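Read-outs throughout are calculated quantities, based only on the coordinates presented, and are distinct from any laboratory measurement. Not measured: the values here are computed from a predicted model. Because the Cβ atoms are built from the backbone with ideal geometry, glycine has one as well, and the counts that use them run over all protein chains shown.
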Amino acid sequence: MTHLILPAANRRLFLRSSALGLGGVALASLLGQSAEKPRGTPGVLDKPHHPPKAKRIIYLFMAGGPSQLDLFDHKPLLNEKNGTDLPDSVRKGQRLTGMSGNQSLLPLAGSIFKFDKHGKCGATVSDLLPNTAKMVDDLAFVKSCHTEAINHDPAITFFQTGSQLAGRPAFGSWLSYGLGSLNANLPAFVVLVSKDKTEQGLYARLWGNGFLPSTHQGVQFRSGKDPVLYLQNPDGVSRDGRRKMLDRLAELNKLQAEQEGDPEILARVEQYEMAYRMQTSVPEVMDLSREPKEVFDLYGEDAKKPGTFAANCLLARRLAERDVRFIQLYHPGWDHHGGLPGGIRKQAKEVDRAGYGLVQDLKRLGMLDDTLVVWGGEFGRTSYSQGKLTATDYGRDHHPRCFTMWFAGGGIKPGVTFGSTDEYGYSVAENGVHVHDVQATLLHLLGIDHEKLTYKFQGRYYRLTDVHGTVVKDVLA
């Protein structure tokens, strides 16, 4: 039997020709869309691995690490032992950050805020979040979340990309890659960051595509004159002129694709076309002027101020209405190493009414059933005080061993609390939920088996959940 062995040059030619055959079809499809109404783009999956419960995710990320001990996880023992040193039997040698590791004492700090049980489910919420307390029967609380990172950058990167090391694709990029887009006039992955907040640990790579094609990267929308940077035509360039330029540029890119066979060339064309369509779709979605008064009443007065968390929550609902697949809101400012009571009061006020408004608005519109809402930060806070403890003031250091998140809609079982921490609020007592478990569960609700959505890069198959992760079935409806 004769085996044909192609010379290296011929192998390259074969690969280029193959790429052109596939790429030419994609390019022709993109160019053909310029003259007709654009359609959503499919993902790599022909269909979901199983029937999805949710179509989209709105992820409210509380950057900085909100104190679960002052919001959700009530620990009366800390008040009883307030000021006494954290027992070694509780700490068990756990590493501390350099900010409190040199303290001679780690004085336990009971919360100064009042906790009550709310709703039919009896969920515990502090008086910092009166509006959240009103909707506990719509929420699933997970009080046993834990992570591996103790500092902001690796911890946020871990939640957003599944790895503490920079460079992996973001959660929204994985969804765009796997499931595609439902609206070709808007990105599948949109990012909103609250204005005038300390952006500690927030970098554009958190919504980057990593090694996935660049069409899957997140796009940040901003408040102000230019919601998306460099989107509008320069002075003197008309929309018709832009269209002609893109058509000629696409022809040049087609020639380059024929020579190189690089799929990123096609991704470049697709991004140019998306930007062109966004010139009309973005101003329309950003315009809140037609929202009725009762909607602003739901979200609160801040919803009328562009760039606030409340305005971004309302914008997230509008993006969800237009079938944006993954909408990421970042609200920094929760890093309360000192002056926690005053700082957390301000933060809680900024997010409480708006988060409540978002869930109720989705519910009002019949969208909560297929929209998954997530609330949480990158880690929790310590049960001991960092720095000086007084009757009215204290701080809390980073704490990866346990913290609380809540979830609503999109296949989540409402009115449940899953997992618990020990009586000191220091470690998980039962049903621990790792970062990869959270990611696996969210993917599951969108119809994706987290072990099967992979991408081969540099000889290895990667996935969002790396090499482990378990779906938390107890919080599923």
Per the range 363-477, sqrt(5λ) over the Cα gyration tensor eigenvalues, sorted largest first, in Å, gives 31, 21, 13
Under 18 Å by backbone N from the virtual spin label 7 Å along Cα-to-Cβ at residue 369, the residues of the range 404-429 are 408-415
Long-range amide H partners of residue 44, meaning residues 5 or more apart or on another chain whose placed amide H is closer than 5 Å, are 178, 179, 180
Dividing the mean separation of Cα pairs under 8 Å (6+ apart) by the residue count of the range 302-459 yields a relative contact order in percent of 17
Expressed in nanometres to one decimal, the distance between label points 7 Å along Cα→Cβ at residue 103 and residue 247 is 6.8
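Count neighbours as other Cβ atoms within 10 Å of each site's Cβ, and list the trypsin sites (Lys or Arg not before Pro) in the range 381-477 that are DSSP loop with at most 16 such neighbours.
Passing sites in the range 381-477 are 388, 452.
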Against the 2.2 N^0.38 Å rule of thumb, the C-alpha Rg of the range 66-149 sits at a ratio of 1.29
For residue 476, the residues 5 or more places away or on another chain with a placed amide H closer than 5 Å to its own amide H are 413
When 190, 438, 44 are arranged by how many other beta-carbons sit within 10 Å of their Cβ, fewest first, they go 44, 438, 190
Here the range 87-217 gives, from Cα atoms, an Rg and Dmax in Å of 19.8, 58
Ratio for the chain, C-alpha Rg to 2.2 N^0.38 Å, reads 1.06
With 0.36 nm assigned to each residue of separation and the Cα-Cα distance removed, residue 470 to residue 449 gains 6.5 nm
Output ordering of 76-86, 109-119 (per-residue mean of other Cβ within 10 Å, highest first) is 109-119, 76-86
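Order by neighbour count: 137, 370, fewest other Cβ atoms within 10 Å first, most last. Walk me through the numbers before you get to the answer.
On the way: 137 14, 370 18.
Ranked by crowding around the Cβ, least crowded first: 137, 370.
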Largest-first semi-axes in Å of the equivalent ellipsoid built from the Cα gyration tensor of the range 153-192 are 23, 10, 6
The extension gain from residue 305 to residue 346, computed as 0.36 nm times the residue separation minus the Cα-Cα distance, is 13.1 nm
Treating only Lys and Arg (+1) and Asp and Glu (-1) as charged, each at its beta carbon, one finds that the chain has a dipole about its Cα centre, in Debye to the nearest 20, of 660
In the chain, whole DSSP H helices that both stretch 24 Å or further along their axis by alpha carbon positions and average at least -1.0 on the Kyte-Doolittle scale are 8-33, 263-286, 340-364
Expressed in angstrom and rounded, the centroid-to-centroid distance over alpha carbons for the range 153-202 and the range 242-317 is 16
Quick calc: nm separation of the 7 Å Cα→Cβ label points for residue 284 and residue 137 -> 3.8
Taking Cα pairs closer than 8 Å and at least 6 residues apart, the relative contact order of the range 420-473 in percent is 36
Here the relative contact order (percent) of the range 402-451, from C-alpha pairs under 8 Å and at least 6 apart, is 26
Counting sequence-distant residues (5 or more places) and residues on other chains, those with an amide H built under 5 Å from that of residue 123 are 118
